[in-house]
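Notes to accompany the following structure.
The values are calculated or read from the model by the stated rules, or taken from the named source; none is laboratory data. These numbers come from a predicted model, not from an experiment. Note: ideal-geometry Cβ built from the backbone for every residue, glycine included; neighbour counts use all protein chains shown. To get the accessible areas, we keep the full protein, side chains included, count just its heavy atoms, and leave off ligands, DNA and RNA. Shrake-Rupley method; radii C 1.70, N 1.55, O 1.52, S 1.80 Å.
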Amino acid sequence: MMSLWDTAGGQTVTVTTLDAGLDQAVSSRLREMGLDNGLPVLCLRRGPFNGALVVAIADCVYSLEQKVASKIRVKPL
Amino acid sequence: MKRIILVGKPNSGKSLLFNQLTGLRQKVANFPGVTVELKSGRFDQYQLVDFPGAYSMSTLTRDEDIAVEKINQALLDQDTSLIICNLDATRLQSSLMFGMQMQALAHQYGKALVFALNMIDEVTRFGHQIDVAGLSRDLGAPVFALSAKTLDGIAEFKTAVIQLAAEADSSNLNTVALPPLDYSVQVKQSRLLATQYGMPSSVVLKKQNAIDAFMLNNVSGGIAFLLVMFLLFQSIFTFATPLMDAVENAIGVSASFITDLTGPGMLADFLNDALFGGLGSFLVFVPQIMVLTLIIGVLEDSGYLARAALICHRPLSYFGLSGRSFIPYLSAHACAIPAILAARTIESPRKRLITMLTVPLMSCSARLPVYALLVAVLIPDTRYLGGIVNLQGVAFFGLYLFGIVTALLVSLLLSRSAVTDNEKSDMPFILELPSYRFPHWKPLIHRVLSSAKQFIYRAGPVIFAVSLGIWLLGYFPTSAGGLEDSYLGVIGQWIEPIFEPLGLDWRYGVAILMSFLAREVFVGALGTLFGIDGADENIAGLAANIQADGLTFGAGMGILLFYVVALQCVATVATLKAETGSARLVGALVFGYGMLAYLLAMLCAQFL
Ligand SMILES: Nc1nc2c(ncn2[C@@H]2O[C@H](COP(=O)(O)OP(=O)(O)OP(=O)(O)O)[C@@H](O)[C@H]2O)c(=O)[nH]1
Ligand SMILES: [Mg+2]
């Protein structure tokens, strides 16, 4: 299944689930940020050499590293 | 005293609001995680406390831990009258996510709470309007729209806060505890309210995304980053040079004016050698400190720092650091102490520790005088490409770079060693990128001026005392300028063996040892020593005097590298001890950097 890490720059996807492997504090933070079931995320750009991803979630832009982005399950719109 | 606390999401304008309410000048900058400890001031008859920002009551970083821990204490404290929860009106959803958690807690503990809907000037600029009355009704708490920048709504807010706090004090609200609200209801509710009252995010993010398309682009972004860094270090040298010349001339003119008045004799000798030679040679560097502060300030307030942290995240990970380490590293070029505290925003305890331990290798402003003096002595003032590139400027850049590269290598070493093994509690790198803003000029100018003032106040008295001590010991009993035969000369012979392998005589030894009081003392001490030694009463240019005295290139480079690496600052050591909680670790660090510094200086003296 596709993760947020697999999205291309400019692509909007919908979050499905967060991997169970994530730390409790991290997954609740991600949910509060808006990475929650059924909500949209816009991938703004990918960094070179597997650098951090830049995503727009609700009213904020965040950068996320691979370690966490690859644990966020998404599906294309 | 009764207390009012000021809390909210990071980078939402809490500290600027705090400054407006208290008249103080806490640090304000445009990236999340500026305030990392509690700061208090007086507002009306209350103590107002500015908190570090937090995204949520469940925390990921040390600065958030501190905020939430202290919020919980404040909730239990009888003296807490009112909670001001600051919201960024342009980012209502993320602000309310924290805000509503705060509100629920306040409710549960029976504390009064008011929302400050800050940055309303930006909302207006976007042509949007927020239905404040509706928002207040739906939240069930008072809401005041205001701008801490343009001061719109501040007067009304002040009156309201005083009134609300007084009401809370006199009512028994503070004793009624209510059951907690359901967490998932809160999360949904804050999203709903944000959609209903907030601005469309596409409008808020449009400009920032357009700028990022350039600043974070793989090619242009990389070039921009390198350019910004190069300009930062180059300009400390180039922009400040004319100002420094002006200060030097002013000191020269006043020195000759005053010594003309006193006539020759011991007083003139003292004024020339200790006062103008010692203290004066240090004042010359004030403009450099100001230029450095200005540039760092512009970078911090523009919003670029978070981008730089993002760009650096991947490369820094390789050395066992986080992208967030970039921010302490950069600010350490002004001073290591706030930088060590700034490391609290780093998500992983291990990376935070490594960052703190390597921050002292960044060339802080106290090293500037030493660098500038010795670069002027050792490197010719050659210009290339029609004056754009100056060899001395490049040497300067090289010294900064040497510190950075050493820090990276030490980080690599530490991250591969057991000292910092703490893998389990590692949190991932998640960083909000704020909107770009034009730096707010008033606080910036104030910051530049206060950096100069602090530089003088901190090191000035020490330098004066050392200069005086050195002068007394060096002037007597001979007084005729025979430094070798003075009391100091005799003491100097004892310490000379330590410095001999570095190719340095005892005068440099005295200056280096004295600079453990404050690094800048090096310049003041040498200024005094060469002043006593100088046959003529000419204090023009300490650099020229050292050159004439024949400091070798290798020995001079040795001193420079010694100053890059050695951890000589007592205040930094104390801060490190407090933040790491381990005196042994810090002791080992001071010893390690000391040995490395000495070794490098020796290698330079022998082989260059
Ligand atoms: N336009 C505008 N900018 C503001 C306003 N208030 C604050 N800012 C800017 O927002 C940025 C963040 O301000 P701070 O006061 O440092 O924010 P903070 O909430 O204390 O941030 P942390 O300490 O990191 O939690 C700075 O660049 C301020 O100049 C406002 O009312 N209007
Ligand atoms: Mg602050």
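From B:Leu608, B:Leu599, which residue is at pLDDT 95 or above and open to solvent by 20 Å² or more (accessible area, probe 1.4 Å)?
Working: B:Leu608 fails: at pLDDT 95 or above.
Just one listed residue meets the conditions, B:Leu599.
I'd like the full set of residues that are within 10 Å of ligand 2 (Cβ to nearest atom) and surrounded by fewer than 21 Cβ atoms within 10 Å (Cβ to Cβ), limited to the range B:19-31.
B:Asn19, B:Gln26, B:Lys27
Taking the range B:132-160, which residues are touching a residue at least 60 places away in the same chain (Cβ under 8 Å) and either open to solvent by less than 20 Å² (accessible area, probe 1.4 Å) or part of a loop (DSSP other than H, G, I, E, B) (or both)? I'd like the intermediate steps shown before the answer.
Step one: list which residues in the range B:132-160 are touching a residue at least 60 places away in the same chain (Cβ under 8 Å), which gives B:134-135, B:146, B:148-149, B:151, B:154, B:158.
Residues satisfying the conditions are B:Gly134, B:Leu135, B:Leu146, B:Ala148, B:Lys149, B:Leu151, B:Ile154.
When you look at B:Gly33, is it within 29 Å of B:Thr293 (Cβ to Cβ), within 26 Å of the chain's Cα centre (by Cα), modelled with pLDDT of 95 or more and within 11 Å of ligand 1 (Cβ to nearest atom), yes or no?
Numbers: within 29 Å of B:Thr293 (Cβ to Cβ): yes; within 26 Å of the chain's Cα centre (by Cα): yes; modelled with pLDDT of 95 or more: no; within 11 Å of ligand 1 (Cβ to nearest atom): yes.
Judged against the criteria, B:Gly33 is not a match.
Consider the range B:283-342. How many of its residues are among the charged types (D, E, K, R) and within 14 Å of chain A (Cβ to nearest Cβ)?
Quick first cut of the range B:283-342, residues among the charged types (D, E, K, R) only: B:300-301, B:307, B:314, B:324.
With the extra rule that they be within 14 Å of chain A (Cβ to nearest Cβ), the set shrinks to B:307, B:314, B:324.
Number satisfying all stated conditions: 3.
Could you grab me the full set of residues in the range B:74-120 that are at positive phi and in contact with a helix residue (DSSP H, G or I) (Cβ under 6 Å, 6 or more places away or on another chain)? Don't jump to the end; show me each part of the working.
Just the residues of the range B:74-120 that are at positive phi, to begin with: B:110, B:119.
If the condition is that a residue be at positive phi and in contact with a helix residue (DSSP H, G or I) (Cβ under 6 Å, 6 or more places away or on another chain), then B:Gly110 is the only one that fits.
Hey, could you check the range B:1-18 for residues that are more than 7 Å from ligand 1 (Cβ to nearest atom) and open to solvent by 20 Å² or more (accessible area, probe 1.4 Å) and say which is nearest to the other protein chains (Cβ to nearest Cβ)?
It comes out as B:Arg3.
Looking at (1) open to solvent by 60 Å² or more (accessible area, probe 1.4 Å); (2) under 28 Å from the mean Cα position of the chain (by Cα), which one does B:Gln208 not meet, given that it meets all the others?
(1)
Just one of (1) closer than 15 Å to B:Ala54 by Cα; (2) among the aliphatic types (A, V, I, L, M); (3) open to solvent by 10 Å² or more (accessible area, probe 1.4 Å) trips up B:Ala112, so point out which.
B:Ala112 satisfies all of (1) closer than 15 Å to B:Ala54 by Cα; (2) among the aliphatic types (A, V, I, L, M); (3) open to solvent by 10 Å² or more (accessible area, probe 1.4 Å) except (1).
It is to be established whether one or more residues within the range B:567-579 are over 19 Å from the mean Cα position of the chain (by Cα) and either among the polar types (S, T, N, Q) or not in a helix (DSSP H, G or I) (or both).
Within the range B:567-579, the subset over 19 Å from the mean Cα position of the chain (by Cα) is none.
Taking every residue of the range B:567-579 in turn, none turns out to be over 19 Å from the mean Cα position of the chain (by Cα) and either among the polar types (S, T, N, Q) or not in a helix (DSSP H, G or I) (or both).
With the checklist (1) assigned to a loop (DSSP other than H, G, I, E, B); (2) among the hydroxyl-bearing types (Ser, Thr, Tyr); (3) within 26 Å of B:Ala578 (Cβ to Cβ) in hand, flag the one item B:Ser56 doesn't pass.
(3)
Condition first: in contact with a strand residue (DSSP E or B) (Cβ under 6 Å, 6 or more places away or on another chain) and more than 22 Å from B:Lys149 (Cβ to Cβ). Now tell me which residues in the range B:82-123 satisfy that.
Residues satisfying the conditions are B:Leu82, B:Ile83, B:Met102, B:Gln103, B:Ala106, B:Lys111, B:Ala112, B:Leu113.
Restricting to the range B:58-80, name every residue that is within 14 Å of another protein chain (Cβ to nearest Cβ) and among the hydroxyl-bearing types (Ser, Thr, Tyr).
Initially, the range B:58-80 is screened for residues within 14 Å of another protein chain (Cβ to nearest Cβ), giving B:58-62, B:64-65, B:68.
Passing the criteria: B:Ser58, B:Thr59, B:Thr61.
When both residues are 6+ apart or on different chains and their Cβ atoms are under 7 Å apart, which pairs have a first residue that lies in the range B:44-57 and is more than 20 Å from B:Val161 (Cα to Cα) and away from ligand 2 (no atom under 13 Å from the Cβ), and a second that is assigned to a loop (DSSP other than H, G, I, E, B) and open to solvent by less than 20 Å² (accessible area, probe 1.4 Å)?
B:Tyr55/B:Lys9; B:Tyr55/B:Pro10
Report, by residue number, each residue of the range A:49-77 that is open to solvent by 60 Å² or more (accessible area, probe 1.4 Å) and either within 10 Å of chain B (Cβ to nearest Cβ) or part of a strand (DSSP E or B) (or both). Write out each step before concluding.
Here is the first cut: in the range A:49-77, the ones open to solvent by 60 Å² or more (accessible area, probe 1.4 Å) are A:49-50, A:66-67, A:71, A:75-77.
Once the filter is applied, which keeps residues that are open to solvent by 60 Å² or more (accessible area, probe 1.4 Å) and either within 10 Å of chain B (Cβ to nearest Cβ) or part of a strand (DSSP E or B) (or both), the range A:49-77 yields A:Phe49, A:Asn50, A:Gln66, A:Lys67, A:Lys71, A:Lys75, A:Pro76.
Counting just the residues of the range B:36-53 that are part of a strand (DSSP E or B) and more than 10 Å from ligand 1 (Cβ to nearest atom), which one comes out surrounded by the fewest Cβ atoms within 10 Å (Cβ to Cβ)?
First pass over the range B:36-53, keeping only residues part of a strand (DSSP E or B): B:39-43, B:46-50.
The next check asks that each one be more than 10 Å from ligand 1 (Cβ to nearest atom); those that pass are B:40-43, B:46-49.
Numbers: B:Ser40: 19, B:Gly41: 18, B:Arg42: 13, B:Phe43: 22, B:Tyr46: 24, B:Gln47: 17, B:Leu48: 22, B:Val49: 20.
The qualifying residue surrounded by the fewest Cβ atoms within 10 Å (Cβ to Cβ) is B:Arg42.
Going through the range A:32-48 one residue at a time, which ones are in contact with a strand residue (DSSP E or B) (Cβ under 7 Å, 6 or more places away or on another chain) and either open to solvent by less than 20 Å² (accessible area, probe 1.4 Å) or within 15 Å of B:Pro428 (Cα to Cα) (or both)?
A:Met33, A:Gly34, A:Leu35, A:Val41, A:Cys43
Out of all the residues in the range B:434-463, which are of a type in the set (Lys, Arg) and within 16 Å of ligand 2 (Cβ to nearest atom)? Spell out the reasoning first.
First pass over the range B:434-463, keeping only residues of a type in the set (Lys, Arg): B:437, B:442, B:447, B:453, B:458.
Those that are of a type in the set (Lys, Arg) and within 16 Å of ligand 2 (Cβ to nearest atom): B:Arg437, B:Arg447.
Test B:Leu24 against the stated conditions and say whether it is in a loop (DSSP other than H, G, I, E, B), hydrophobic (A, V, I, L, M, F, W, C) and either touching a Gly at 6+ places or on another chain (Cβ under 7 Å) or without any contact (Cβ under 8 Å) to a residue 12 or more places away in the chain (or both). Quick ask: steps written out before the conclusion?
Working: in a loop (DSSP other than H, G, I, E, B): yes; hydrophobic (A, V, I, L, M, F, W, C): yes; either touching a Gly at 6+ places or on another chain (Cβ under 7 Å) or without any contact (Cβ under 8 Å) to a residue 12 or more places away in the chain (or both): yes.
Judged against the criteria, B:Leu24 is a match.
Filter the range A:19-42 down to residues that are closer than 20 Å to B:Leu96 by Cβ and part of a loop (DSSP other than H, G, I, E, B) and give me whichever is nearest to the chain's Cα centre (by Cα).
That would be A:Leu35.
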